1. So for segment 117-126 (the condition being closer than 21 Å to residue 63 by Cβ, modelled with pLDDT of 80 or more, of a type in the set (Asp, Glu) and surrounded by 13 or more Cβ atoms within 10 Å (Cβ to Cβ)), does at least one residue qualify?
2. Look at residue 146 and say whether it is of a type in the set (D, E, K, R), out of contact with any Leu (no Cβ under 6 Å at 6 or more places or on another chain) and closer than 24 Å to residue 79 by Cα.
3. Sort out for me the helices (runs of 4 or more DSSP H) sitting completely within segment 1-74 that have 2 or more residues that are open to solvent by less than 40 Å² (accessible area, probe 1.4 Å).
4. Would you be able to tell me the number of residues in segment 95-114 that are at pLDDT 85 or above, open to solvent by 100 Å² or more (accessible area, probe 1.4 Å) and not acidic (Asp, Glu)?
5. Pull up segment 143-157, narrow it to residues that are of a type in the set (Gly, Ala, Ser) and part of a helix (DSSP H, G or I), then point me to the one that is least open to solvent (accessible area, probe 1.4 Å).
6. Answer yes or no as to whether residue 167 is assigned to a helix (DSSP H, G or I), open to solvent by 90 Å² or more (accessible area, probe 1.4 Å) and under 22 Å from residue 75 (Cα atoms).
7. Give all pairs with beta carbons closer than 7 Å in which a residue from segment 141-168 that is under 25 Å from residue 70 (Cβ atoms) meets a residue that is in a loop (DSSP other than H, G, I, E, B) and open to solvent by less than 70 Å² (accessible area, probe 1.4 Å); count only pairs at least 6 apart in sequence or on separate chains.
8. Is it true that some residue in segment 78-89 is open to solvent by 70 Å² or more (accessible area, probe 1.4 Å) and modelled with pLDDT of 90 or more?
Amino acid sequence: CRYSTLFNNQVVQLTGEVTADLASIAKAKLIVATVSQWDTLTRRWRQRKVLHSVSLLIFDELHLLGGPQGPTLEVVISRMRYMGNSATKSDESSSKKNSIRIVGLGVSIANAREVGEWMGVSEKSLFNFSPKVRPTPLEIFFQSYEQSNFASRLMAMSKPVYHAVTRHAPKQNQPVLIFVPSHKQAQLTAIDLMTYQESQDQSNFVDPKIADSK
């Protein structure tokens, strides 16, 4: 991959397909891991000294804190913050600083300030960009749901999503991108949209040329 070239092939991927090799991790300059794999690896961080050399940690998709992986992501962030604080306290008497810098990335979050405070982010280091800074105009429409359960809320979103697509992107030359939390949910959402299309007899919901090419 492109990162392997930048880091002289010193890149390790932890996706669960292979067992984590501590020797390879020790030689790596860049580690790409899923939240679940990093959670498993860092549970014994006191014994695994190789993890103490990590100086920068980047969490992508922080907006998934409210999803199924949210508890795991929350535990991992809290653990890495604790590791960083422990390393800072242990190095106060020496010139060596081994603290961990944590960077979180995500789409627009309504409670970005609260999430930042929980992660220990200072106000000047918190960036919550407005849609106005986008290079292309963006209109935002909100749809509220009463379901508190995550799975139930996803089920309740299917029909409103269909109506949102037909209302805001009525022309075939306007592409639509729908974000879902998992591969399984992507399949379920696609099936629901096609079901609603057939029930409403909306033959122009999907471009026939695109459908045939799939």
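1. yes
2. Against the criterion (of a type in the set (D, E, K, R), out of contact with any Leu (no Cβ under 6 Å at 6 or more places or on another chain) and closer than 24 Å to residue 79 by Cα), residue 146 does not qualify.
3. Here the list reads 35-42.
4. Qualifying residue count for the region: 2.
5. Ranking the qualifying residues of segment 143-157, first place goes to 156.
6. no
7. Short answer, once both residue conditions are applied: 150/67; 153/145; 156/145; 157/145; 161/178.
8. Yes: one or more hits.
The values are calculated or read from the model by the stated rules, or taken from the named source; none is laboratory data. For clarity, every value in this text was computed on a predicted model and none was experimentally measured. Cβ sites come from the backbone with ideal geometry, for glycine too, and all protein chains shown count toward neighbours. We work out accessible area using only protein heavy atoms, side chains counted, and drop any ligands, DNA or RNA first. Shrake-Rupley method; radii C 1.70, N 1.55, O 1.52, S 1.80 Å.
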